[in-house]
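The values are calculated or read from the model by the stated rules, or taken from the named source; none is laboratory data. For clarity, every value in this text was computed on a predicted model and none was experimentally measured. Cβ sites come from the backbone with ideal geometry, for glycine too, and all protein chains shown count toward neighbours. For the accessible areas, the whole protein counts, side chains as well, though only heavy atoms, and no ligand, DNA or RNA atoms are used. Shrake-Rupley method; radii C 1.70, N 1.55, O 1.52, S 1.80 Å.
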Amino acid sequence: MTETDVLCGESTSTRDYGESVETRGCTSGMCDPRSRFHRFIVLFFMCFVGFGSYFCYDNPGALQDNFKSDMGITTAQFVQLYSWYSWPNVFLCFVGGFLLDSVFGIRLGTVIFCVFLVIGQIIFALGGFLDAFWLMIVGRFIFGVGGESLSVAQNTYAVSWFKGKELNMVFGLQMSFARVGSTVNFNLLEPLYNWVHQYYQGYTCVGVVLLIAAITCVSSLFCAIVLAVLDYRAEKILNKQSSGSGEVVRFSDVKDFPLSFWLMSGTCLTYYVAIFPFIGLGKVFFERKFDYAPASANAVNSILYIISAVASPAFGLLVDKTGRNIFWVFLSILATLASHGLLAFTFINPYVAMCMMGLAYSMLASALWPMVALVVPEYQLGTAYGLMQAVQNLGLAVITMVAGIIVDQGGYLLLEVFFLAWLCLSLACTILLWLRDSSKNGILNMSIEQRDRWDNARMLQESLERDQLFASAVPATAPRSDFLIRNRYLSRIGAALPLSYDPAVRGLVYRSLR
Amino acid sequence: NNKRWLTGRLGYAVLECLVMARNMYLVTFICVLGIYGLQLVEGTKDDKELVRKLSVEENPGCPVGESFCSNGTLIHIRSDSETDTIHFVWNFFGCPTLLLARTQLGANLSIDWTSFISGTSGSAVFDPPETLYTFGWSLTTIWTFLDEKDEVEMNKVNASGVFGHDTKNFYWAKDDKDSVVSEDLVKFSMIAKDYDGQTFGEEGYIKITVQVHSKEGYGTVLPYLRHNGNSSQVDISLNKIDLNNTMTPKTRIGLGYLLVQQVPNLTGDISVKDKIYVQKTKTLDDENSPGVFEMHSLRTPVFNSYDQSYLEWKPVSYTGIIRDIADSVDVHIYDLEDQSPIQLDDSFLWSFYGNNISTLIAQRANISFGTQGDGFFNATPHISWSYLAGYGPPPSDTVSMLVIMTLAVGLGIPAIIIIIAIIYLFTKKLSTPKDDLLLGR
């Protein structure tokens, strides 16, 4: 499988723990890096690396009213704790993969990002001790630098240690673990705050709680170090070169992206801004409107994450089996519209709305991200996913701030209407995407059998073209751009791409853990 | 051939986009028209409501030069419509009291001042004396209670720590800086700086501000209560007060009201349906008071199918002089207690109703302020609270135009796009045969 890697452009080869390799050192039983047990250990550490990041990301949301009363801040100031987490990731989405490939390498890169995580959270806690809100924002900024890049690192580790069908399961497990981390945060932090409140009060209490939360970041760092050691050891034993994250980000690719891709980015952006800022502000909303105690309000907030932990793998399987991605996206946006509508205009138990939102959110994540791989060629996927995530983070950064201002000036009904407006825009984008796609080849909404048939027909057509080309001396048309030349070349040589370049799996590497 | 095919597709795509843009413009245009139409309709609805004219007199008929005229203030606000007059008689001689009376157009208030000052009943009457409806309430007590265990509510704390201070022992002075008198708005403030001769200190005061409007609108400070032409808004602030040295770091504040209503055809026992009751309603819309989704009110029963009054407020009070959402604490209303036998002493209600208590029902209402963990009154030490009092059904918040407009446009555009898309796909399927994948592309 390693031979064909050379033919695929500048991408570095992925590590392949196949059967026929030279080994040195310990290769028996648990020691063998190829053994199931060893890889299971590695999987465990791989999943735990992200735990600290997701646990601490929603710390502000779980303590919203405590933050506001202890630090004396308004909602508009509070949301900046979320907004400044997203700002560095507008740029880091592009360079994260590059940093991991060329600058630090996967092992050192992961450890460095975890260090950022720990330092960021500690500075965040320090802001609490010193009653300095600006310091808290600095801490969240540094935390953000580490957080998102860490998920790219996690995915890269996964791609290098697992392959084929296993990879699907590993990605699913990582995602579920991340969600469990968020759920634990919401359910643990209020009781923790109440316990610390017996000994400290005011902003010192906030500082102590955040410092205790930093322990999870330290544990992530520990897991990253262990992973680095295991990875280095495996490399030495199996005598392999270091792996890369796979794709290079080229900004010149952007002009080749089809309209479908931009509509997908629009859908992604407009959908996620109606979910994450809502979770950040949800606690006080549930306390005020539905008269929930703080701990119960946190529990309602966490329902979305816990449902996602279970439902995401299930929906991933569903979409894999049935295809028809746009239909699922459309359905999930409708469901999210309905749940926000319930929360805004009725007093029905919020658990109903939040469960529906959790299911809808899982469905969208499973259906939307693989679509990118269907419209963008494989070697541009790095840029595509990087761009989509950058746009998503930009939207989150700006809209979170706006949401905070809306709550202060206009109340929660207006906030919900604001989110409903964004979801309507998302719906419009999806419909336009469907129109655009059905006017081309309709692949995004085909079922799996239809796609296979379409793929076969296309390959047949290309082989016919190839025969035609060899039959005549002069090429039928002059190629237009780099993009088309590359396309022609690849289809002509009929290269069998390695499994990690399989479109179905490829999409998952850069799928965001959000 | 390829070039032509490409330009054909491009042209087609451009056409698609143009059609889409045109449809979106059409949709937006229709929505804007619709909203404009809605506003017109709402505008005409407002015209049907009677617009009132306000006029004010202070201490009416008090002989000039008499010393007791400057010992207190009585403000009589008339709100005239075309068919009747609503009187808001605010009395600050003794307990702050409001008498709300609806009379025929042009009725005047006449007070016999000598008897009024000496506390004789029936010294204040309307001329002509028949009234269509009356309702009175009086702020009789200011409660201070010791909340040792931070239980917040007055009925849960130890009864020995609850002190009531009679408001007739305050001296109320009118704050002329704050007064406004016009046809549309009457506003005045009364400030008390001492209790029973002891002053509160440099910055201590109790301030009551009254605003009477002639038409619908929203308040100017949080929580932006919606008023109409038949209501007056009362803002109460207590700042750094110390009553009889009962203030401790764990003291909370409460207010005690006496509510009196005249019930027609009252015979013998009072039934529950004749009494004033507490109503707590949940509202969806917190646009004007972010985070507050409830409205509390004290409602009188309805007589003659329209006559009724109310006290209405949002259960939020503020612990800062400048009201801010971050400084808000809860307002608690306790169950009303009957007052039997009826005692109207020391208030204007005695001067007005006199011995004519056979048609009266009197109840006491208590309110307290605070939230668990707020640091008690001493934290700031300030409490301000606003409520509406008026005649007729209480005004309620409505969802604003902004919300309706956003939803109409937001849901309208995708709906229109879906319809267009379905039509487009139908026509496409009917007009072009299925392309042969190998040859056409």
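Here are some notes:
- Listed by chain and number, the lysines placed with their C-alpha closer than 30 angstrom to that of residue A:236 are A:163, A:165; residues fewer than eight positions away on the same chain are left out.
- Signed unit charges on C-beta, dipole axis of chain B, positive-most listed residue B:353, B:262, B:383: B:383
- For the range A:24-125, the average shadow cast by the Cα convex hull is 9.1 nm², which is a quarter of the hull's surface.
- Heavy atoms of residue A:322 accessible to a 1.4 Å probe, total area in Å² rounded to 10: 50
- Per-residue surface analysis assigns residue A:47 an accessible area of about 10 Å², computed on protein heavy atoms at 1.4 Å probe radius.
- Helix B:401-431 axis, angle to chain B major axis (alpha carbon atoms, nearest 10°): 20
- Computed from the Cβ-Cβ distance with R0 of 56 Å, the FRET efficiency linking residue A:492 to residue A:229 stands at 0.80.
- Annotation: average projected area of the range B:124-197 is 9.4 square nanometres, based on the convex hull of Cα atoms across all directions.
- When only the Cβ of Lys, Arg, Asp and Glu is charged (+1, +1, -1, -1), the dipole of chain B relative to its Cα centre reaches about 2580 debye.
- Residues of the range B:102-194: accessible area per residue with a 1.4 Å probe, Å²: 48
- Peptide A:435-443 is shielded by partner chain Cβ atoms: per residue, an average of 3 of them sit within 10 Å of its Cβ.
- Calculated mean residue ellipticity, 222 nm, the protein assembly as shown: -17500 deg cm²/dmol, from DSSP H runs (n ≥ 4) at -39500 (n - 2.57) each, averaged per residue and rounded to 500.
- Average other protein chain Cβ within 10 Å of Cβ, residues A:289-301: 1
- Annotation: Cα Rg of the range A:388-443 relative to the compact-globule expectation 2.2 N^0.38 Å equals 1.50.
- Short to long, the 20 Å bins of the Cα pair-distance histogram for chain B hold 21, 46, 17, 10, 5, 0 percent of all pairs.
- Cross-link pairs B:53/B:193; A:68/B:149; B:53/B:280; B:177/B:280 - those with Cα-Cα distance over 27 Å: B:53/B:193; B:53/B:280; B:177/B:280
- Each of B:29, A:397, A:443 was placed along the dipole of the protein assembly as shown (beta-carbon charges, centred on the mean Cα), and the one lying farthest toward the positive end is A:443.
- Relative intensity, log₁₀ I(q)/I(0), of the range A:113-212 from a Debye sum that treats every alpha carbon as a point, q = 0.11, 0.15, 0.21, 0.23 Å⁻¹: -0.45, -0.73, -1.06, -1.15
- The ratio of the alpha-carbon radius of gyration of the protein assembly as shown to the globular-protein estimate 2.2 N^0.38 Å is 1.21.
- Relative to the dominant Cα principal axis of chain B, helix B:2-48 is inclined by about 20°.
- Ignoring the sites themselves, chain B has its longest run without GluC sites (Glu not before Pro) in a DSSP loop having at most 13 other Cβ atoms within 10 Å at B:204-441.
- Rounded to the nearest 10 Å², the accessible area of residue A:431 at probe 1.4 Å: 10
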